[in-house]
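Report on one structure; see the data block that follows.
The values are calculated or read from the model by the stated rules, or taken from the named source; none is laboratory data. This structure is a prediction, so every number in the text was calculated from the model and none was measured. Glycine gets a Cβ as well: all are built from the backbone with ideal geometry, and neighbour counts include every protein chain shown.
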Amino acid sequence: MRGIVVGLGGRARSWVQVCRRNAGVDLVGFVEPMEENRRAAQEQFSLPDTLLFSRLEDALASVAADFALDVTPPAAHEAVATTAFQAGLHVIQEKPLSDEWEPARRTVAAATTHDRRYMVTQNYRFGPVPRSTRPLIEAGRIGAPEQGAMGFYRAWATRAGTHYTSMAFPLIKDMGIHHFDLLRYVLGQEPVEVRAITWNPSWGWHAGDASHNVHILFDGGCRITHHAGGSSVGKQSPWNGDLRLEGANGSLTWEEDHIFLTSAAPNAEPAREEITPTAVPPGQDACLAEFLAAIRENREPECSGRDNLQSLAIVFAAVRSAQEGRPVQIAELFE
């Protein structure tokens, strides 16, 4: 399938490599408004001038394509996706779907209106640890999960002057979407209510709050606390975070990207089993393969825009909760 890459910053260059090792993809256009980025990508990938464009509209007028790969900043996602949908292209887009809630909803509606496949690249859920965890939960190895916690502590976004260090609620809006989507995936449940408090430690380097406790109630009755610090200078968490889920039959834990099942009755000696994660393709490769398969099979992809609104809703419910000091119902965002 023929693709147009929109945005040629550092992340886009990794996506070009992913596309080039997929035999089913032919990249026919590269769009970037900044000449410096355009020339850097041209040199790195030996691209002819005829494939380089400063605007998506110019690329669409010059080359025939089946899909757009959008690696622009979140604020540009609605415009890029809508333009592509109107031209008949499917869209695979870097997370987050948007940095604002209403543009996200409009973009999903546009995909439906134009009957185009639309996927957000939540690559974390395609990793070996989450992919191996969901079957264990579905098999009832710990019983129905009723409570748990996910912790994430890193010296995150340390380069001064980036939007990560200046934006409001940076950890919730950027890293949070990964973990909230992971929780939805492994639990197989949807969020109902969110409560959040946020802060910065005295030594923090972010203008917006980069530490938080976010409590999520899911429709299956499970309650999860996501606790995180983006200015943590001690022991660092794995990017997946460390997870504990508890059911009547025991616990499932992620500990430094290892999976453990532990079963025990009160006051009994625990039985602990390590689960070896199943080998899977790298997350970006898996996202692209799922997107292409959805186009070929004329179906909604995993992590579709419609589905991803549920993960994004946790983000914006947490922000609203922190701002207003109250629990926020997910249904409020869809009114």
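For this structure, a couple of remarks:
- Which numbered condition ALA75 misses (of (1) under 25 Å from LYS173 (Cα atoms); (2) aliphatic (A, V, I, L, M); (3) buried (at least 19 other Cβ atoms within 10 Å of the Cβ)): (3)
- Search result, residues across the range 259-275 that are in contact (Cβ under 8 Å) with a residue 40 or more places away in the chain and out of contact with any Lys or Arg (no Cβ under 8 Å at 6 or more places or on another chain): ILE259, SER263, ILE275
- Residue match in the range 223-232 (condition: at pLDDT 95 or above and either among the acidic types (Asp, Glu) or more than 22 Å from the chain's Cα centre (by Cα) (or both)): no
- Taking the numbered list (1) surrounded by 15 or more Cβ atoms within 10 Å (Cβ to Cβ); (2) not assigned by TED's automatic domain parsing to the domain that holds LEU217 in turn, GLU297 passes all entries but (1).
- Of the helices (runs of 4 or more DSSP H) lying entirely inside the range 140-239, not one contains at least 2 residues that are assigned by TED's automatic domain parsing to the domain that holds ARG320, on the phi > 0 side of the Ramachandran plot and surrounded by 14 or more Cβ atoms within 10 Å (Cβ to Cβ).
- Any hit, the range 63-77, residues being in contact with an Asp or Glu (Cβ under 6 Å, 6 or more places away or on another chain) and part of a loop (DSSP other than H, G, I, E, B): yes
- Residue that is surrounded by the most Cβ atoms within 10 Å (Cβ to Cβ) [pool: residues in the range 1-28 that are among the β-branched types (Val, Ile, Thr) and in contact with a Phe, Trp or Tyr (Cβ under 7 Å, 6 or more places away or on another chain)]: VAL5
- Set side by side, the residues VAL129, VAL186 differ, and just one is at pLDDT 95 or above, touching a helix residue (DSSP H, G or I) at 6+ places or on another chain (Cβ under 6 Å) and among the aliphatic types (A, V, I, L, M), which is VAL186.
- Some residue of the range 42-62 being within 27 Å of the chain's Cα centre (by Cα) and in contact (Cβ under 8 Å) with a residue 60 or more places away in the chain: no
- Test: residue in the range 45-57 that is in contact with a helix residue (DSSP H, G or I) (Cβ under 6 Å, 6 or more places away or on another chain) and outside any helix (DSSP H, G or I): yes
- Just one of the listed residues (VAL120, VAL129) is outside any strand (DSSP E or B), β-branched (Val, Ile, Thr) and either assigned by TED's automatic domain parsing to the domain that holds THR225 or surrounded by 21 or more Cβ atoms within 10 Å (Cβ to Cβ) (or both), namely VAL129.
- Test: GLN86 is in contact (Cβ under 8 Å) with a residue 12 or more places away in the chain and surrounded by fewer than 23 Cβ atoms within 10 Å (Cβ to Cβ): yes
- Hits in the range 266-280 (condition: surrounded by 14 or more Cβ atoms within 10 Å (Cβ to Cβ) and either not assigned by TED's automatic domain parsing to the domain that holds VAL129 or not in a strand (DSSP E or B) (or both)): PRO277, VAL280
- When ALA75, ALA111 are screened for being among the small types (Gly, Ala, Ser), under 28 Å from PRO282 (Cβ atoms) and at pLDDT 95 or above, only ALA111 passes.
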